[in-house]
Amino acid sequence: MSYIINKEFLIEVEKSNIPGHSMIHKFGRNDAVSSGSWEHVSLTPFSTANFRTSPIAMRVKAGNANDTAAGNGAREVTIQGIDSNFNEVSEAVATAGESASANTSATFWRVHRAWVSAAGTYTAANTAAIVIEDSGGGADFMTIGVEEGQSQYTGWTTPINKTAYLLSLHISVDSATNKEADVRIFTRENIDDVSAPMSSKRLKLFFDGIEGGYRYYPKGPEFIINAKADLWAEARGDTNNTQVSVDFELLVVDD
């Protein structure tokens with residue numbers, strides 16, 4: 001399948017001209033990676049990044065008064081992920097300012113991303129950071145940075161009846177003060193396998209001492225992420241507050 005790395009083929013996939021194929025681009029950032037522990041590459045702290053063992057409804061956490069359905073900031077946020085049947089799902093919810101929004105009607109095994117899908121001011125986005133939490137307020141799943149309008153999380157879960165192939169990876173580490181970071185990529189099969197013995201997470205790639213930018217382009221797809229499998233990135237800095245970004249591209253094919 002050498003055609004997978006052909007740019008013209010991938011452009012046709014992006015244009016929806018190749019049935020049963022799609023492209024996924026995910027990017028994430030952690031602006032304060034510590035030196036003592038591994039952390040998810042996400043604006044949501046590692047301690048609260050949550051891998052669900054059952055699906056649950058989501059909502060926008062209580063925030064800024066301007067981020068409301070009639071406000072100048074974010075009026076609506078769309079949440080995207082994997083639903084209770086392991087299909088990819090997106091649902092828009094109206095923001096409620098200093099109160100939490102209504103719950104989504106869909107329940108989510110995973111949240112992939114969230115973005116501001118309606119704003120009250122031209123060229124504006126969210127006035128304050130927006131956090132996606134579960135319907136009971138028990139855990140945070142995704143963060144949209146101030147005035148960014150889009151979450152940053154280096155992770156994805158393959159929907160049912162699809163298979164994903166890792167095409168490329170881009171790592172960026174703050175080099176202004178000669179900081180370095182180790183970065184590792186994990187997968188885990190069968191997200192609904194929650195009783196022992198269950199599927200283990202598995203290290204797929206490990207990059208030591210990255211400083212500045214690093215691009216990884218294998219000659220063919222690096223590995224397969226099967227249906228109902230997680231893919232995510234973690235980082236560990238050589239000093240505290242190291243800034244790390246990781247982007248990846250996937251080719252997703254219907255089974």
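Overview of results
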quantity: Above-threshold pairs, the threshold being 30 Å between Cα atoms, out of Lys7/Lys228; Lys61/Lys179; Lys15/Lys61; Lys7/Lys201; Lys179/Lys204; Lys61/Lys228; calculated: Lys61/Lys179; Lys15/Lys61; Lys7/Lys201
quantity: The range 118-124 - phi-based ³J(HN,Hα) in whole Hz, Karplus 6.51/-1.76/1.60, Gly and Pro as x; calculated: 7, 10, x, 9, 4, 6, 8
quantity: GNM result for the chain, Cα springs below 10 Å: residue of Trp38, Trp156, Trp115 fluctuating most strongly; calculated: Trp38
quantity: Virtual spin-label span in nm between Ser199 and Ser22, 7 Å along Cα→Cβ; calculated: 1.9 nm
quantity: For the chain, alpha-carbon Rg relative to the globular expectation (2.2 N^0.38 Å, N residues); calculated: 1.02
quantity: q = 0.24 Å⁻¹, the range 92-180: log10 I(q)/I(0) [Debye, one scatterer per Cα]; calculated: -1.29
quantity: Long-range HN-HN contacts of Ala118 with modeled amide H, under 5 Å; calculated: Arg75, Glu76
quantity: Contour minus Cα-Cα distance for Asn6 and Ala129 (0.36 nm per residue); calculated: 40.4 nm
quantity: Total charge dipole magnitude, the range 210-255, about the Cα centre, Cβ charges on Lys, Arg, Asp, Glu only, Debye to nearest 20; calculated: 100 debye
quantity: Bins of 10 Å, starting at 0 and running to the largest distance - Cα pair percent for the range 56-144; calculated: 21, 54, 22, 3
quantity: Tyr153, Tyr216 arranged by Cβ crowding within 10 Å, fewest neighbours leading; calculated: Tyr216, Tyr153
quantity: Gap separating the Cα centres of the range 166-238 and the range 58-88, nearest whole Å; calculated: 27 Å
quantity: Burial ordering of Asp67, Asp193, Asp247, fewest other beta-carbon atoms within 10 Å first; calculated: Asp193, Asp247, Asp67
quantity: Spacing of the two label points (7 Å from each Cα toward its C-beta) at Phe51 and Ile160, in nm; calculated: 2.1 nm
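Computed from the coordinates by the stated procedures, all read-outs in this text should not be read as laboratory data. Nothing here was measured: the structure is a model prediction, and the numbers come from that model. Every residue, glycine as well, gets a Cβ built from its backbone with ideal geometry; the counts of neighbours run over all protein chains shown.
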